[in-house]
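A short reminder: the numbers here are calculations on the coordinates, not readings from a lab. Worth saying up front: this structure is predicted, and the values here are computed from it rather than measured. Note: ideal-geometry Cβ built from the backbone for every residue, glycine included; neighbour counts use all protein chains shown.
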Ligand code: NAI
């Protein structure tokens with residue numbers, strides 16, 4: 001069924017035909033069969049009129065065309081179905097490319113995937129200089145390949161090497177960069193886009209479609225090299241290899257041959273497990289924006305939006321406290337950070353300044369904004385300085401007695417409506433809240449390290465936490481730009497518990513004689529960014545050993561004791577944080593190598609275990625623990641667990657999520 005309102009057409013007094021994308025039912029324009037039918041109808045109608053040229057543009061404020069409708073794309077079940085979808089796009093955009101008169105594409109807002117493939121089929125491309133104008137082919141990022149002419153047309157426009165680079169990076173480029181790369185022909189002020197597009201259309205109407213020199217091809221060595229890189233960087237993912245195939249084989253062939261190859265490979269990829277997984281992950285991320293606390297609390301009769309936090313207190317100026325304080329200040333909050341000694345406060349403030357300087361250096365914010373951000377954090381040793389905070393996040397040592405003592409002290413200092421949050425990585429929030437005057441205003445906000453780079457926050461509800469407290473904390477987490485997952489208070493919540501059961505199981509294999517590099521390679525080959533032994537070096541042997549102790553305490557029947565980390569710690573080896581040769585690996589000059597010092601803790605005989613068995617065992621430990629967490633009601637759904645592990649542990653997105661993987665492969 002076509003919905004003509006999504007695409008409209010008109011002819012102006014100067015004989016220019018205008019095609020406008022403006023879906024009345026959505027803030028975005030996306031391509032799906034109804035929009036395609038509407039575009040076809042518009043082109044056919046204009047073909048019957050005496051137009052001199054066509055301009056295609058969007059009526060939306062921030063979006064040209066966001067790409068294909070992923071709800072529709074994610075349902076492609078067979079390669080044949082995918083091929084038909086690709087060919088349909090080719091045929092449609094072919095109508096523009098072969099239109100009797102020139103076609104100009106006027107881009108303002110996001111022009112992604114199928115949107116840019118439409119632009120590629122036009123004869124001239126203008127982009128507005130607005131900051132919301134971002135352009136490109138991001139398909140590989142969700143496991144797909146550009147399938148409506150992107151792989152076939154882009155190398156013809158900008159050359160094979162630049163096309164490979166752009167498509168494999170899978171990033172949208174701001175207008176200026178898109179212009180530099182050759183994706184568009186002109187950049188114009190946003191306010192002049194229509195007028196300039198019309199001028200370009202009239203010019204082409206007079207001079208004819210522009211002749212373009214074909215983009216430079218690349219040789220076989222280039223493609224061989226790119227395949228090697230894709231195999232190591234995007235292990236297990238077929239899309240990058242398919243892109244390289246279409247570009248290499250399509251280069252010397254006529255366009256229709258290249259398009260047909262693109263259609264075949266698009267069909268195979270779109271119907272495959274990896275694309276379905278990555279589209280699923282896309283929707284998991286999208287769902288966070290709409291996350292509410294409704295699954296956990298009865299709906300109030302008269303809902304009023306709870307008051308947002310204005311001033312944030314952070315207690316502890318260590319690794320996490322300074323990271324949290326900096327991130328809050330960067331998002332505009334006023335922050336008071338307290339530690340017990342002035343030198344600890346100063347060290348934390350220096351870390352914060354360093355983080356702001358770094359953000360400015362990397363172009364994430366202006367130098368002015370960085371200076372203002374750093375100035376929003378006030379350091380103190382006085383607890384009284386937190387008296388007017390709306391939220392206090394404690395990030396002191398991981399110790400129940402210390403945290404309980406602090407909560408009692410804080411309860412005397414803060415306002416009655418202040419929310420007290422703990423950043424504990426494993427301790428049950430109800431235990432910590434035992435000394436609070438207002439346990440209903442206590443909650444866990446478990447940030448991950450480093451705070452500036454890790455998106456996840458586990459938002460932990462104790463049995464006392466009220467809906468209002470949870471709503472305020474959720475709004476805060478969203479305002480911070482983080483992705484929250486809500487769970488019930490329970491030791492280790494989800495991520496710490498599952499991750500450290502996994503790391504401990506890896507230590508167990510190690511103690512049985514399976515070598516460090518064999519364990520790590522197996523898990524990397526499965527898709528993890530790093531193996532578990534290397535991850536222990538990163539997290540810190542001290543932190544790992546400490547959390548093992550917590551896990552043993554809370555799960556005495558099931559958390560089997562391993563001792564390698566305790567032995568390393570006794571020998572002063574804390575992992576990467578304290579020197580080149582302090583972990584399972586040595587890190588010298590940026591290169592990592594096995595640490596020979598580990599031999600003294602290893603069993604005499606090595607044990608051989610193949611990669612599949614290692615992967616099966618270690619994944620199995622994670623699956624079993626996650627299943628228990630879900631059975632205990634710590635999280636509401638398997639999707640929540642998958643999302644938290646994706647965001648908090650580096651679980652490979654192309655596997656779609658731990659429990660989704662487990663279901664698909666008969667592991668639960
Ligand atoms: P840290 O040892 O770097 O910092 C703790 C700071 O708290 C120290 O500067 C200490 O002087 C200060 N402190 C202790 N008692 C205090 C009090 N009563 N008032 C004010 N300051 C006090 O510790 P880190 O790594 O920042 O961890 C803090 C909390 O965050 C712990 O609960 C930990 O489990 C949790 N966490 C740690 C992560 C990590 O990767 N380091 C990740 C997520 C959570």
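A few points about this structure:
- Computed over segment 7-280: relative contact order in percent, which uses C-alpha pairs under 8 Å that are six or more apart: 22 percent
- What separates the Cα centres of segment 571-609 and segment 52-78 is a distance of 52 Å.
- With respect to the chain, whose longest principal axis is taken over its alpha-carbon atoms, helix 33-47 is tilted by about 30°.
- Taken along its principal axes, the alpha carbon cloud of segment 495-664 reaches lengths of 44, 33, 30 Å, longest axis first.
- Segment 315-365: relative contact order as a whole-number percent, Cα under 8 Å and 6+ apart: 40 percent
- Counting only alpha carbon atoms, the long axis of helix 342-361 and the longest principal axis of the chain meet at about 10°.
- Kirkwood-based shape ratio for segment 384-505, expressed as Rg/Rh from alpha carbons: 0.95
- Summary value for segment 1-117: 31 percent relative contact order, contacts being C-alpha pairs under 8 angstrom separated by 6+ residues.
- Summarising the strand pairing of the chain, around 25 percent of its internal DSSP beta bridges are antiparallel.
- For segment 137-213: rounded, prolate or oblate by the Cα gyration tensor [a/c cutoff 1.5]: prolate
- Evaluated at q = 0.10, 0.19 Å⁻¹: base-10 log I(q)/I(0), Debye formula over Cα of segment 311-488: -0.34, -1.26
- If R0 is taken as 22 Å, the Cβ-Cβ distance between residue 665 and residue 538 corresponds to a FRET efficiency of 0.20.
- In the chain, the ratio of gyration radius to Kirkwood radius, Rg to Rh, stands at 1.01 when only Cα atoms are counted.
- Shape analysis of segment 110-165 places it in the oblate category; the axes a ≥ b ≥ c from the Cα gyration tensor give an a/c of at least 1.5, with a/b not above b/c.
- 0 to 90° range, to nearest 10: angle between helix 541-554 axis and the chain longest Cα axis: 70 degrees
- With the convex hull drawn around the C-alpha atoms of segment 258-357, the volume per residue stands at 235 Å³.
- Surface/4 estimate of mean projected area, convex hull on alpha-carbon atoms of segment 438-575, nm²: 9.9 nm²
- Across segment 7-280, Cα-Cα distances exceeding 29 Å account for 27% of all pairs.
- In the chain, helical runs assigned H by DSSP with n ≥ 4 each contribute -39500 (n - 2.57); averaged across all residues and rounded to the nearest 500, the mean residue ellipticity at 222 nm is -14500 deg cm²/dmol.
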